[in-house]
Amino acid sequence: MGSKNEILLDQLIELALKLGIKVREEKISSEESPSSGGLCRLKGEYVLILNSQTALEEKIRVIAEAVKTFPLRDIYIRPAVRQWLERSE
């Protein structure tokens, strides 16, 4: 079983997928962009790109920022994840 952060990351990715966000991990070199990733729209679809070389905690932060831009009230979110999202505001 993974660490708490690995589990949280998996659950946030699951939530993103429920919201219709495709999640991709890409190797982004620091010369190209110092970014950890982010949400964008490609051909009408939401895509969340995560820098595969970024620390686990940073990936969690990037996904949390992305999912918080969507209305979450009427979507089932695991209670622990919902509490974490509310605390991280």
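The values are calculated or read from the model by the stated rules, or taken from the named source; none is laboratory data. Since the model is a prediction, treat every value here as computed from it, not as a measurement. When we count neighbours, we look across all protein chains shown, and the Cβ atoms used for this are built from the backbone with ideal geometry, even at glycine. Side chains included, ligands, DNA and RNA excluded: accessible areas come from the protein's heavy atoms. Shrake-Rupley method; radii C 1.70, N 1.55, O 1.52, S 1.80 Å.
Here are some notes:
- Less than 5 angstrom separates the built amide H of TYR46 from those of LYS22, all sequence-distant by 5 or more or on a different chain.
- For the chain, the relative contact order comes to 30 percent (Cα pairs under 8 Å, sequence separation of at least 6).
- With at most 13 other Cβ atoms within 10 Å, longest stretch of the chain clear of loop trypsin sites (Lys or Arg not before Pro) (DSSP): 1-26
- Å² of accessible area per residue within the chain, as computed with a 1.4 Å probe and no ligands counted: 67 Å²
- Computed 3J(HN,Hα) for region 39-46, one whole-Hz value per residue from the Karplus formula 6.51 cos²θ - 1.76 cosθ + 1.60 where θ = phi - 60°, is 8, 9, 10, 10, 6, x, 10, 7, glycine and proline marked x.
- Nonlocal amide H pairs with GLU25, under 5 Å, H built at 1.01 Å: LEU50
- Expected 222 nm ellipticity per residue - DSSP helices of 4 or more, -39500 (n - 2.57), all of the chain, to 500: -12500 deg cm²/dmol
- ARG78 versus ILE7: modelled label distance in nm, points set 7 Å from Cα along the beta carbon direction: 0.7 nm
- Taking the longest Cα principal axis of the chain as reference, the axis of helix 56-67 is set at about 70 degrees.
- Solvent-accessible area, 1.4 Å probe, carbon plus sulfur percent, for the chain: 50 percent
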